[in-house]
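**Student:** Okay, here's the structure, questions in a sec.
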Amino acid sequence: MTNPTSTVTAPAPRAGRREWTALGVLMLPLLLVSMDVSVLYFAIPAISADLEPSGTQQLWIFDIYAFVLAGLLMTMGSLGDRIGRRRLLLIGAAAFGAASLIAAYADSAETLIAARAVLGIGGATLMPSTMALIRTMFTDPGQRAKAIGLWSGVMTGGIALGSVMSGVLVEYFWWGSVFLVNLPAMALLLVLGPVLLPESRDPAPGRFDWPSVPLSMAAVLPVIYGLKEIPSEGWHTEYVLSVTVGLLFAALFVHRQRTAADPMISPALFRGRGFAAALVLNLVCAFGMMGSAFFTTQYLQSVLGKSALEAALWALLPAVPIGMAGPVATTLVQRGVDRAYVVTAGFTVAAAGYALLAVAGTDSMWLVLTACAVLASGIVMVLSQMTDLALSSAPTERAGSASALLETGTEFGGALGMAVLGSIGTALYRHGIPASAPAEARETLGGALAVATRLPGRTGDALATAAREAFTHGMQGAAIAGAVILAGAAAAATTTLRRSRVSDK
């Protein structure tokens with residue numbers, strides 16, 4: 001007999017055509033922000049010839065976008081929860097478009113650096129806002145998982161597409177065109193966003209935590225900077241000190257979040273089942289993805305001798321399986337496969353990709369491309385599930401903060417992957433270079449190849465061959481380490497995620 005007092009939870013309303021169309025609109029800023037990470041790969045030489053920046057200015061032109069974006073993610077995620085995610089998204093889109101126009105027609109290195117910094121500010125508003133809006137638009141868990149799978153595929157594909165588009169535009173137009181491509185998409189977002197995207201915010205946000213803004217930047221930026229420099233420059237005191245200082249500020253930031261009346265990042269987020277696990281495993285995904293990219297881009301160009309544009313075009317080949325990986329993982333979960341097993345399978349597939357990379361020789365282009373496809377497909381399987389788990393674990397009113405934490409973890413994980421695996425590969429490379437070789441040749445593969453061109457005949461050829469073999473050996477050693485780390489993540493995911501059962505909020 002049915003208990004008359006029992007209640008049945010109504011199913012979450014399903015998204016319709018309007019929401020799916022809105023998702024397409026949200027993909028525009030996501031694609032452009034991810035493309036801007038790599039869009040200068042081919043434009044830098046033309047920019048250097050035109051603007052004549054100093055060496056330091058050239059580094060800042062390239063790096064300041066990612067630094068500003070990483071440093072402001074938590075601030076912008078929290079701000080979006082307070083003033084409205086759609087509102088912040090549109091403000092960021094306007095800033096991104098204006099900065100793109102200024103960057104395209106910059107007549108000095110200083111102007112371009114400033115424009116790239118504003119692009120980073122705009123990017124920091126766009127990333128958490130898109131994720132938070134997906135959380136609020138797709139309340140049905142199954143539909144939300146599909147939307148996040150598409151989100152993950154677009155984000156991953158945008159990084160690869162950015163380098164190719166940059167090469168094509170610089171080849172046929174001028175370097176400023178790599179920024180002008182942002183304008184039509186941002187204009188479309190500004191027109192359609194107010195019509196299609198719902199506004200959402202925390203109904204009781206409290207006061208904005210201004211002291212946490214500089215604290216969060218002081219925690220993130222020194223760590224990202226130090227980890228970014230370690231692979232190429234080594235474990236020098238200044239870079240280790242930079243990471244240490246950042247970690248000390250991170251401890252102060254955490255203390256403030258635990259004691260402030262209205263913290264920027266509420267500790268209550270971590271009480272959601274699965275949220276902390278999702279952050280950690282997402283960080284491992286970024287570790288695996290960027291750790292491999294450090295080697296494969298150099299391998300295609302400096303070991304195989306491909307031009308930068310050729311290398312970027314070849315690197316697009318794995319895009320199809322990578323794009324399918326997120327939706328496949330989502331489909332498996334929706335058909336009843338335990339999320340823990342899907343994530344474990346993803347990490348196992350990614351570890352297998354590293355294992356393939358570990359047996360590549362100096363003339364193994366197809367093996368390396370296959371390894372990249374396998375590795376990245378496994379990573380995207382996990383990434384889509386961890387994004388869904390993190391957003392599902394977080395209360396809707398704090399979706400922006402949850403998204404920002406996830407993206408900040410991605411930045412940390414990527415930098416850590418390049419630092420750890422890059423250091424292993426660099427150490428093995430230097431060990432494989434003859435002791436009699438010039439110091440420049442012992443530093444990097446690019447340096448060795450430059451030295452080889454200045455040496456006569458067989459001497460130069462011998463150095464170039466030795467350098468390519470040493471680099472490949474370093475890549476193999478780093479790949480073994482990557483495979484072990486991801487295999488460990490697979491084992492940890494099985495037990496950790498089976499304890500995390502998330503009910504939709």
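The values are calculated or read from the model by the stated rules, or taken from the named source; none is laboratory data. Everything numeric here is computed off the predicted structure, so don't read it as measured data. Glycine gets a Cβ as well: all are built from the backbone with ideal geometry, and neighbour counts include every protein chain shown.
**Student:** Would you check if there is a residue in the range 412-432 being of a type in the set (A, V, I, L, M), more than 18 Å from Gly291 (Cβ to Cβ), touching a residue at least 24 places away in the same chain (Cβ under 8 Å) and out of contact with any Phe, Trp or Tyr (no Cβ under 8 Å at 6 or more places or on another chain)?
**Tutor:** There is no residue in the range 412-432 that is of a type in the set (A, V, I, L, M), more than 18 Å from Gly291 (Cβ to Cβ), touching a residue at least 24 places away in the same chain (Cβ under 8 Å) and out of contact with any Phe, Trp or Tyr (no Cβ under 8 Å at 6 or more places or on another chain).
**Student:** Let me ask something additional. Quick check: anything in the range 290-298 under 21 Å from the mean Cα position of the chain (by Cα), free of Cβ contacts under 8 Å to residues at least 12 places away in the same chain and over 30 Å from Ser216 (Cα atoms)?
**Tutor:** For the range 290-298, residues under 21 Å from the mean Cα position of the chain (by Cα), free of Cβ contacts under 8 Å to residues at least 12 places away in the same chain and over 30 Å from Ser216 (Cα atoms): absent.
**Student:** Among Val178, Val243, Val223, Val168, which is the only one that is touching a residue at least 60 places away in the same chain (Cβ under 8 Å), more than 27 Å from Asp81 (Cα to Cα) and either buried (at least 20 other Cβ atoms within 10 Å of the Cβ) or in the same structural domain as Arg442 (by TED's automatic domain parsing) (or both)?
**Tutor:** Within the list Val178, Val243, Val223, Val168, the selection yields Val178.
**Student:** Please name all residue pairs, on different chains or six or more residues apart, with Cβ atoms under 7 Å, provided the first residue is in the range 68-91 and is within 16 Å of Leu30 (Cα to Cα) and modelled with pLDDT of 85 or more and the second residue is surrounded by fewer than 24 Cβ atoms within 10 Å (Cβ to Cβ) and among the polar types (S, T, N, Q).
**Tutor:** Between residues of the range 68-91 that are within 16 Å of Leu30 (Cα to Cα) and modelled with pLDDT of 85 or more and residues that are surrounded by fewer than 24 Cβ atoms within 10 Å (Cβ to Cβ) and among the polar types (S, T, N, Q), the close pairs are Arg85/Ser200.
**Student:** Residues of the range 258-279 being in contact (Cβ under 8 Å) with a residue 24 or more places away in the chain and assigned to a helix (DSSP H, G or I), which ones?
**Tutor:** Within the range 258-279, Ala268, Leu269, Phe275, Ala277, Ala278, Leu279 meet the criteria.
**Student:** I need the full set of residues from the range 369-397 which are in contact with a Leu (Cβ under 7 Å, 6 or more places away or on another chain) and surrounded by fewer than 24 Cβ atoms within 10 Å (Cβ to Cβ), in order please.
**Tutor:** Leu369, Thr370, Val374 - these are the residues of the range 369-397 that are in contact with a Leu (Cβ under 7 Å, 6 or more places away or on another chain) and surrounded by fewer than 24 Cβ atoms within 10 Å (Cβ to Cβ).
**Student:** Restricting to the range 161-177, name every residue that is modelled with pLDDT of 85 or more and in a helix (DSSP H, G or I).
**Tutor:** Residue satisfying the conditions is Ser177 alone.
**Student:** Select from the range 404-433 the residues that are touching a Lys or Arg at 6+ places or on another chain (Cβ under 8 Å) and assigned to a helix (DSSP H, G or I) and write down the one among them that is surrounded by the fewest Cβ atoms within 10 Å (Cβ to Cβ).
**Tutor:** Arg430
**Student:** Tell me, yes or no, whether the range 445-455 has at least one residue that is under 22 Å from Gly291 (Cα atoms) and either in contact (Cβ under 8 Å) with a residue 40 or more places away in the chain or not in a helix (DSSP H, G or I) (or both).
**Tutor:** yes
**Student:** Give Ser307, Ser302, Ser266 a once-over and let me know the one that is more than 21 Å from the chain's Cα centre (by Cα) and surrounded by 20 or more Cβ atoms within 10 Å (Cβ to Cβ).
**Tutor:** On inspection, the qualifying residue turns out to be Ser266.
**Student:** Still on this model: Pairs needed: first member in the range 354-377, within 19 Å of Glu469 (Cβ to Cβ); second member anywhere, of a type in the set (Phe, Trp, Tyr); C-beta distance under 7 Å; at least 6 residues apart or different chains.
**Tutor:** Sorted first by the residue in the range 354-377, then by its partner, the pairs are Val368/Tyr299.
**Student:** Could you check the range 316-353 and list, in sequence order, the residues that are in contact (Cβ under 8 Å) with a residue 24 or more places away in the chain, farther than 13 Å from Leu383 by Cβ and among the polar types (S, T, N, Q)?
**Tutor:** Within the range 316-353, Gln334, Thr344, Thr348 qualify.
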